[in-house]
1. Are there any pairs, at least 6 apart or on different chains, whose C-beta atoms fall under 6 Å, with the first in segment 35-54 and free of Cβ contacts under 8 Å to residues at least 60 places away in the same chain and farther than 24 Å from residue 198 by Cβ and the second among the acidic types (Asp, Glu) and surrounded by 14 or more Cβ atoms within 10 Å (Cβ to Cβ), and if so, which?
2. Return a yes/no flag: does segment 62-77 have any residue that is modelled with pLDDT under 90, part of a helix (DSSP H, G or I) and surrounded by 11 or more Cβ atoms within 10 Å (Cβ to Cβ).
3. How many residues does segment 100-126 contain that are touching a strand residue (DSSP E or B) at 6+ places or on another chain (Cβ under 9 Å) and part of a helix (DSSP H, G or I)?
4. Please enumerate the residues belonging to segment 196-218 that are touching an Asp or Glu at 6+ places or on another chain (Cβ under 9 Å) and either of a type outside the set (Lys, Arg) or modelled with pLDDT under 95 (or both).
5. Kindly provide the set of residues from segment 155-174 that are touching an Asp or Glu at 6+ places or on another chain (Cβ under 7 Å) and open to solvent by 60 Å² or more (accessible area, probe 1.4 Å), ordered by number.
6. Tell me which residues, restricted to segment 133-150, are hydroxyl-bearing (Ser, Thr, Tyr) and either open to solvent by less than 60 Å² (accessible area, probe 1.4 Å) or within 12 Å of the chain's Cα centre (by Cα) (or both).
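The values are calculated or read from the model by the stated rules, or taken from the named source; none is laboratory data. As the structure is a computational prediction, the values presented were derived from the model and not from experiment. Positions of Cβ are generated from backbone atoms using ideal geometry, with glycine treated the same way; all protein chains shown enter the neighbour counts. Side chains included, ligands, DNA and RNA excluded: accessible areas come from the protein's heavy atoms. Shrake-Rupley method; radii C 1.70, N 1.55, O 1.52, S 1.80 Å.
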Amino acid sequence: MSWLDWIRGKKDQAARNEGLPERWLVLDVETTGLDPARAHLLAIAALAVRVDWSRRTLSLLPGDSLAMTICPEQTSEKSNVLIHGIGIAVQRQGMPPADAMAAFRDWIGDARLVAYHASFDRTLLGRYARQYLGSDFANDWLDIAHLCTVAYPDIKARALDVWLGHFSIECVARHEATADVMAECDLLQRIWPRVARECGSWRDVRKYASQHNWFAGR
């Protein structure tokens, strides 16, 4: 087989896969600080959603979820504990980072990764993956904040709390990874009708979200 045939085969496969149901993972992390290049990872929570492009639907999959606490190399300061509520004793009982990263990698597979202000999660998890697994995750990412900005351009909001308040979404415990994930899933469902009207594939959603800079600057 020539390289040209191989490339054509990849394109044909991509075309066949276009429109098939996809597994997206809405995730959130808790850390010891606000700098993703330096903070230590304390917790990861994630919930799978099924996107059926033939019906333009997005469904939560509660049975396909993950929640783990990670033992950090350096425990949190007291002020940080007051934010996320993960006490020092709980931190010390968490999974070793290498084990947590391996378990996370095996669970996510090739799913799409979705988060609010995803650059933070992506940078931090990528750093941990390179450190403990030897390479970054190859998964595609999507930022819910960008989707919100494009789907509802008249709402001038950056913080997650503002979007939750606009849609009257209650978060049981803000800055607790599992609770934040559930709130973000609810937010994604609320904006989905507008997203689905404009998009028919993952590629479309990425392109749609990329308009956020234009809308945010208006």
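1. These pairs meet every condition: 42/30.
2. No, segment 62-77 contains no residue that is modelled with pLDDT under 90, part of a helix (DSSP H, G or I) and surrounded by 11 or more Cβ atoms within 10 Å (Cβ to Cβ).
3. 13
4. 198, 200, 201, 202, 204, 205, 208, 209, 212
5. Answer for segment 155-174, where residues must be touching an Asp or Glu at 6+ places or on another chain (Cβ under 7 Å) and open to solvent by 60 Å² or more (accessible area, probe 1.4 Å): just 174.
6. 149, the sole residue that qualifies.
Conditions tested, residue by residue: (1) closer than 15 Å to residue 43 by Cβ; (2) of a type in the set (Phe, Trp, Tyr); (3) free of Cβ contacts under 8 Å to residues at least 40 places away in the same chain.
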position: 175; (1), (2), (3): yes, no, no
position: 195; (1), (2), (3): no, no, no
position: 204; (1), (2), (3): no, no, yes
position: 211; (1), (2), (3): no, no, no
